[in-house]
Amino acid sequence: MFTEMLLRVVVAVGCLLPLALVAFVGRERLASLRREWRQRLRESAPAVAVLAVVLVVNRLLRSSAPRISDEVGVHMTSTLYDLEGEFVFVFQSIETPALTAYFSVVYVYGYTFLLVFPILAYVALSDTVRLRRLLAAYALNYAIGLACYLVVIALGPRNVMPEAFAETMLYDSNPEYQHLTRQVNRYTNVFPSLHTSLSATVAIFAYRTRSTYQAWFPVAGVLAVSVAISTMYLGMHWATDVVAGIVLAAVSVVLSVSLVGRGWASTLRERVGLE
Amino acid sequence: MLAATGLTAAMAGCVREVRNAVNRDGIDQLSLTITTLPADGDRESIQLSRAIRNALEAVGVDVSIAMRSHEEFLRETLINHEFDVYVGRYPTGTDPSYLYEALHSRYADEAGWQNPFGFTNLTFDQSLERQRDAGDGERRDAVAETLSAFAAEQPFVPICAPREYRLARTDRFDGWGDRHPATPLGYLGLEALDRENGSGNDDSRLRAVHTDARPSQNLNPLSAEYRNRGLFTGLLYDTLAVDAALLEDSGAESDGEDGEDGEDRENREDGEDGEDRENAAEEDEGDEGETGDENPDRETDANDADATGPDLRPWLADSWTLEDDVLTVRLREDCPFHDGRQVTADDVAFTYRFLADTTLGDDRVPTPSPRHRGQVAPLEAVEAAGNDREIAFRFRRSLEDASAAVAGALTVPILPEHVWRERSAAADVTGVRIAEGVTEALVVDNVPPIGSGPFAFADRTDREHVTLERNDDHFTLREGVDLPAPTASEMRVAIDPRSTSAVELVSDDDADVTTSTLESYVLDDVIEAADEADDLEVLESSPRSFYHLGFNARKAPFSNPRFRRTVARLIDKAWIVDEVFDGYARPIAAPLVDQEWVPDDLAWGGDGDGDPATPFLGQDGEVDVEAARAAFEAAGFRYDTNGRLRTRVSR
């Protein structure tokens, strides 16, 4: 079931990517890619490595995270509930089957596309600084988010008020998604919303590169807002998680921009004698 | 001088007054936490908890809800007793004898389902002892008396007993529902069907889907946190005897073949109240009762069986005899454990010694197995009787009175001594301080489990699956043994945490049966879909557990029966059954899933309308706040001007 679902996502996003690349990036830049991709990847290697390390650590921690959380974690579900009560019901009041289908698709497919596309789009730029910053920001999102998950044990609204999400709950309207998401997520990991923070990160980068990719920014913006709303509409996250996700995105972008500069990578390369 | 003395005297008076005022502890608003499972673990529990929170907050109590995973929940409530109140399921059989373990004072300090409430009451203890010790003639009265005392004390609030529904495919296996699918026997004796569209491979694999991940993490039959009713460990480990009712009674609530609901709900509520108990039991077996005499060849044991309670059939035991209050059990010949070693009388004797004290009499604190504490308690001694196949059981009380005790004692899992002996050592977990008396046996995940049961362990992946393979050496597969045998070559239990996706796996032919019960919110759809499909069947079976609100009577104000009674009256059980369980449960006033033992005056709806013991203060789920406050005040509690309930709390 898991492989089947994974295949579906890979195929769907794989079909969408070439279209989007042609539409947003343009043939000219794609052509330059053929000449320079080696060089650009070499320049970005440190950022790729950092992201890879974070993702591997994330994977390795998956089995031991519950035990670590048992020791150091704080149960926060009732705090979140006391803080905002039934605010997420706002999104329930606009519930329609079409909207449920839209948000379900956005939550799984839209989100994956949103994360993968800018990597390719920024590889297509001759200056790799955008790519390196984006990858660093992804790594920061994961690293900080993971630390929060170890410390904060909280459950999403669907686990507290299951009856309110009877119509929209992702796993009830589309049970097959369950097989995919439970490989990636634990149900005690809701604060902050990584769906929101990574989408917001992409949107912020899209804003910063809007002079290069004019059409991409509005698309990324709409998708990112949709992903954030979908997490609440589908009962996965509290509004507090979403706000925290946006804050995390902002922090990650600011940190990655200040850490990863134009000069940094080239200085490093000179030092190790690559050039 | 005089003035100074006067001043001192005045000061002393003042100080006394101040001390008097300061040393009185303030009475604060009552603030409590409801411990329960999140919707992923138990969708109904969290909804019940929220209904109870709303009712309590309406009457001025500050309530928060703590959600814990299955094993944390059971650890906090059953083992560490760290809770105020909790909402969950009580796993129980149908017999009221469980009440002794559940509520007797002597178990108040123990871990496991033995009195997790810390409830202590000497008068109540006497009722519990009477109902346990009463012979068949007096038992009905003794049970009724216990239940009346229970209704007055409300050590916990029984809420409702959900009927169990599972979904099965009928195109690969037949015989679903011949035996209760909550028990291991429900998965034995199935008939493997040839499938016309089959690929020709060995296709007698049974593909189950389970919504609780714990069996993929731990297969220790002694673990209180990881076991509910021990379905999978029951397939891996044999017991000496089995409850005859489980062999013969499907537990099905109707005789229909396909999913139906509605009509028979009312039937259940009528019950067999006035009837003589034995007749009622006979009739319960219905059609299957006629053909259900599994053991015509066991006539020779009939007398012995009567003496030890009529409800047992030999399983791993070949037969038993009773002489001078010593029960001598003879083992079947040639029954190997899954690692090839024979089950011997020494293994059996060791099992009972070990379950009674997993430290094996080391000089530390005796630590019984929390799941079998009550079952082995009536045993004085269990010894191998001189050869490999005979074991002598001596009970603490005379056997005529102890049929329930014998039934309990003979249905514990038989453990191999060569695996478990070394687990009597103190648990050793790096970096964590372990409490005195916690043995390896209680915390080990026991993978791979070595039992002698009809299925052996094959493989597992955490939170994905646990796979069992048929034990081809199992005695049920032999000629001349008329007991349900493992027919599936393999039983793969896939873990899928939600009913909706589990149902999808069964309807898409990726699984044959849901071993977990389906959550009530999917039932309308599932029953309708199964009605339309040819190869799907909804297995409806009698409740084997009930939802309840448990109080921690070790703490004030939960130690106060007046408080508990008033809280019980804030729960609208009938409304909850409709709203939370979509009608697929029965509200209960007595703590029994089977209404057979419940006297008329405690039967639901029997006396007027609704709850005969603690009628709801309000209507349609809405608490009548004025009436509820008056009830708390009448019980001796006070309200402040802001409408907050004030009470002394022990923490």
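Go through the residues of region B:396-409 one by one and say whether even a single one is at pLDDT 85 or above and either of a type outside the set (A, V, I, L, M) or outside any helix (DSSP H, G or I) (or both). Give the derivation first.
Let us first name the residues in region B:396-409 that are at pLDDT 85 or above, namely B:409.
Now restrict to residues that are either of a type outside the set (A, V, I, L, M) or outside any helix (DSSP H, G or I) (or both): none.
Looking through region B:396-409, none of the residues is at pLDDT 85 or above and either of a type outside the set (A, V, I, L, M) or outside any helix (DSSP H, G or I) (or both).
Surrounded by fewer than 16 Cβ atoms within 10 Å (Cβ to Cβ) and either within 13 Å of chain A (Cβ to nearest Cβ) or assigned to a strand (DSSP E or B) (or both): does that describe B:Asp534? Steps first, please.
Values: surrounded by fewer than 16 Cβ atoms within 10 Å (Cβ to Cβ): yes; either within 13 Å of chain A (Cβ to nearest Cβ) or assigned to a strand (DSSP E or B) (or both): no.
Spelling it out, it is not the case that B:Asp534 is surrounded by fewer than 16 Cβ atoms within 10 Å (Cβ to Cβ) and either within 13 Å of chain A (Cβ to nearest Cβ) or assigned to a strand (DSSP E or B) (or both).
Output the residue which, of all residues in region B:29-48 that are of a type in the set (Gly, Ala, Ser) and within 10 Å of chain A (Cβ to nearest Cβ), is nearest to B:Ala213 (Cα to Cα). Give the steps one after another, and end with the answer.
First pass over region B:29-48, keeping only residues of a type in the set (Gly, Ala, Ser): B:31, B:39, B:41, B:45.
The next check asks that each one be within 10 Å of chain A (Cβ to nearest Cβ); those that pass are B:39, B:41.
Values: B:Ala39: 14, B:Gly41: 9 Å.
The qualifying residue nearest to B:Ala213 (Cα to Cα) is B:Gly41.
Output the residues belonging to region B:340-351 that are part of a helix (DSSP H, G or I) and surrounded by fewer than 22 Cβ atoms within 10 Å (Cβ to Cβ). Working first, answer last.
First, pick out the residues of region B:340-351 that are part of a helix (DSSP H, G or I): B:345-351.
The answer is B:Ala345, B:Asp346, B:Ala349, B:Phe350.
Could you please find all residues in region B:63-92 being touching a helix residue (DSSP H, G or I) at 6+ places or on another chain (Cβ under 6 Å), within 19 Å of B:Pro155 (Cβ to Cβ) and of a type in the set (Val, Ile, Thr)?
Hits for region B:63-92 are B:Val87, B:Thr92.
Out of all the residues in region B:123-139, which are more than 19 Å from B:Val406 (Cβ to Cβ) and under 22 Å from the mean Cα position of the chain (by Cα)? Even if it seems obvious, please write down each step before you answer.
Filtering region B:123-139 down to residues more than 19 Å from B:Val406 (Cβ to Cβ) leaves B:123-127.
Of everything in region B:123-139, those that are more than 19 Å from B:Val406 (Cβ to Cβ) and under 22 Å from the mean Cα position of the chain (by Cα) turn out to be B:Phe124, B:Asp125, B:Ser127.
Over 30 Å from A:Tyr233 (Cα atoms), surrounded by fewer than 17 Cβ atoms within 10 Å (Cβ to Cβ), touching a residue at least 24 places away in the same chain (Cβ under 8 Å) and hydrophobic (A, V, I, L, M, F, W, C): is that true of A:Leu41 in this structure?
Spelling it out, A:Leu41 is indeed over 30 Å from A:Tyr233 (Cα atoms), surrounded by fewer than 17 Cβ atoms within 10 Å (Cβ to Cβ), touching a residue at least 24 places away in the same chain (Cβ under 8 Å) and hydrophobic (A, V, I, L, M, F, W, C).
Being surrounded by fewer than 23 Cβ atoms within 10 Å (Cβ to Cβ) and either touching a Gly at 6+ places or on another chain (Cβ under 9 Å) or not basic (Lys, Arg) (or both) is the filter here; which residues of region A:179-202 pass it?
Kept after step one, since they are surrounded by fewer than 23 Cβ atoms within 10 Å (Cβ to Cβ), are these residues of region A:179-202: A:179-187.
Passing the criteria: A:His179, A:Leu180, A:Thr181, A:Gln183, A:Val184, A:Asn185, A:Tyr187.
Being touching an Asp or Glu at 6+ places or on another chain (Cβ under 9 Å) and either assigned to a helix (DSSP H, G or I) or within 12 Å of chain B (Cβ to nearest Cβ) (or both), is that true of even one residue in region A:41-57?
Going residue by residue through region A:41-57, those that are touching an Asp or Glu at 6+ places or on another chain (Cβ under 9 Å) are none.
Taking every residue of region A:41-57 in turn, none turns out to be touching an Asp or Glu at 6+ places or on another chain (Cβ under 9 Å) and either assigned to a helix (DSSP H, G or I) or within 12 Å of chain B (Cβ to nearest Cβ) (or both).
Tell me whether region A:128-150 contains one or more residues that are within 14 Å of chain B (Cβ to nearest Cβ) and among the hydrophobic types (A, V, I, L, M, F, W, C).
Applying the first criterion (within 14 Å of chain B (Cβ to nearest Cβ)) to region A:128-150 yields none.
No, the conditions are met nowhere in region A:128-150.
The rows are residues; the columns are (1) in a helix (DSSP H, G or I); (2) closer than 17 Å to B:Ala502 by Cβ; (3) more than 9 Å from chain B (Cβ to nearest Cβ).
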| position | (1), (2), (3) |
| --- | --- |
| A:Leu155 | no, no, no |
| A:His179 | yes, yes, no |
| A:Val190 | no, no, yes |
| A:Thr201 | yes, no, yes |
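For region B:83-133: of the residues being of a type in the set (S, T, N, Q) and modelled with pLDDT under 90, which is nearest to B:Leu48 (Cα to Cα)?
Keep residues of region B:83-133 that are of a type in the set (S, T, N, Q), which gives B:92, B:94, B:97, B:105, B:114-115, B:120-121, B:123, B:126-127, B:131.
Among the residues that remain, those that are also modelled with pLDDT under 90 are: B:92, B:94, B:97, B:114, B:131.
Details: B:Thr92: 20, B:Thr94: 23, B:Ser97: 27, B:Gln114: 23, B:Gln131: 31 Å.
Looking at the filtered set, the residue picked out is B:Thr92.
Among the numbered criteria (1) outside any loop (DSSP other than H, G, I, E, B); (2) of a type outside the set (A, V, I, L, M); (3) within 14 Å of another protein chain (Cβ to nearest Cβ), which single criterion is violated by A:Arg186?
(1)
Of all residues in region B:352-379, which are under 27 Å from B:Glu469 (Cα atoms) and either of a type in the set (A, V, I, L, M, F, W, C) or surrounded by fewer than 21 Cβ atoms within 10 Å (Cβ to Cβ) (or both)?
Scanning region B:352-379 gives a single hit, B:Leu355.
Checking the condition within 20 Å of the chain's Cα centre (by Cα) and within 14 Å of another protein chain (Cβ to nearest Cβ), which residue from A:Arg8, A:Arg62 passes?
Numbers: A:Arg8 fails: within 14 Å of another protein chain (Cβ to nearest Cβ).
Within the list A:Arg8, A:Arg62, the selection yields A:Arg62.
Hey, among A:Val90, A:Val105, which residue is surrounded by 15 or more Cβ atoms within 10 Å (Cβ to Cβ), farther than 23 Å from A:Gly145 by Cα and either within 24 Å of the chain's Cα centre (by Cα) or at pLDDT 85 or above (or both)? Walk me through how you get there before you give the answer.
Numbers: A:Val90 fails: surrounded by 15 or more Cβ atoms within 10 Å (Cβ to Cβ).
Of the residues listed, the single one that is surrounded by 15 or more Cβ atoms within 10 Å (Cβ to Cβ), farther than 23 Å from A:Gly145 by Cα and either within 24 Å of the chain's Cα centre (by Cα) or at pLDDT 85 or above (or both) is A:Val105.
Would region A:67-85 turn up any residue that is in contact (Cβ under 8 Å) with a residue 12 or more places away in the chain, in a loop (DSSP other than H, G, I, E, B) and either surrounded by 12 or more Cβ atoms within 10 Å (Cβ to Cβ) or not acidic (Asp, Glu) (or both)?
Checking region A:67-85: at least one residue is in contact (Cβ under 8 Å) with a residue 12 or more places away in the chain, in a loop (DSSP other than H, G, I, E, B) and either surrounded by 12 or more Cβ atoms within 10 Å (Cβ to Cβ) or not acidic (Asp, Glu) (or both).
Kindly check whether there is at least one residue in region A:119-129 that is under 30 Å from A:Tyr213 (Cβ atoms), free of Cβ contacts under 8 Å to residues at least 24 places away in the same chain and under 19 Å from the mean Cα position of the chain (by Cα).
Yes: one or more hits.
Filter region A:159-168 down to residues that are outside any helix (DSSP H, G or I) and either more than 9 Å from chain B (Cβ to nearest Cβ) or surrounded by 22 or more Cβ atoms within 10 Å (Cβ to Cβ) (or both) and give me whichever is nearest to the chain's Cα centre (by Cα).
Pass one, region A:159-168, residues outside any helix (DSSP H, G or I): A:161, A:166-168.
If we keep only those that are either more than 9 Å from chain B (Cβ to nearest Cβ) or surrounded by 22 or more Cβ atoms within 10 Å (Cβ to Cβ) (or both) as well, we get A:167-168.
Working: A:Glu167: 25, A:Thr168: 22 Å.
Among them, the one singled out is A:Thr168.
Mind listing just one residue for me: the one in region B:563-576 that is farther than 15 Å from B:Val59 by Cα and either modelled with pLDDT of 95 or more or within 14 Å of another protein chain (Cβ to nearest Cβ) (or both) and, of those, farthest from the chain's Cα centre (by Cα)? Before you say what the answer is, go through the steps one by one.
First, pick out the residues of region B:563-576 that are farther than 15 Å from B:Val59 by Cα: B:573-576.
Add one more test, that the residue is either modelled with pLDDT of 95 or more or within 14 Å of another protein chain (Cβ to nearest Cβ) (or both), and what stays is B:575-576.
Numbers: B:Trp575: 24, B:Ile576: 21 Å.
Once the filter is applied, the top-ranked residue is B:Trp575.
The values are calculated or read from the model by the stated rules, or taken from the named source; none is laboratory data. Worth saying up front: this structure is predicted, and the values here are computed from it rather than measured. Reconstructed Cβ throughout: ideal geometry from the backbone, glycine too, with neighbour counts over all protein chains shown.
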